[in-house]
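This report refers to the structure that appears directly beneath it.
The values are calculated or read from the model by the stated rules, or taken from the named source; none is laboratory data. Model, not experiment: these values are computed from the prediction. For neighbour counting, all protein chains shown are included, and Cβ atoms are generated from backbone atoms with ideal geometry for every residue, glycine included.
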Amino acid sequence: MAVNLRLRPEAEAALRAEADRSGRSQQEILREAVDRHLRTLAAGGPASLGTREPLLTAGIVLPPRTPYRRVTPTLTLPEGTTSLDLLDRDDRL
């Protein structure tokens, strides 16, 4: 079945970015998303949704307020310092 889908600009940008990042086509990503949402696989049968959906249903994890939000790092480490250096300290318990 062919479908004409209009996406919000931020969803379109996120879809393009994911396609570039993963090397998959936009169409393949959309098919997978529909299959997961409808709990089917392309070959048929239930899809494994992992642990995220039960956590959302139970109210343990809240859904995102702003989908596809681009995060800007707020911390810049000094040159030559890694996050492992921050974790490997003598004052830790």
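Could you pull out the residue among Leu84, Leu15, Leu75, Leu49 that is surrounded by 10 or more Cβ atoms within 10 Å (Cβ to Cβ) and at pLDDT 80 or above?
Working: Leu84 fails: surrounded by 10 or more Cβ atoms within 10 Å (Cβ to Cβ); Leu75 fails: surrounded by 10 or more Cβ atoms within 10 Å (Cβ to Cβ); Leu49 fails: at pLDDT 80 or above.
After ruling out the rest, the residue left standing is Leu15.
Kindly provide the set of residues from segment 1-29 that are part of a helix (DSSP H, G or I) and more than 23 Å from Val71 (Cα to Cα), ordered by number. So that I can check it myself, show each step before the final result.
Step one: list which residues in segment 1-29 are part of a helix (DSSP H, G or I), which gives 9-22, 26-29.
Across segment 1-29, the qualifying residues are Gln27, Glu28.
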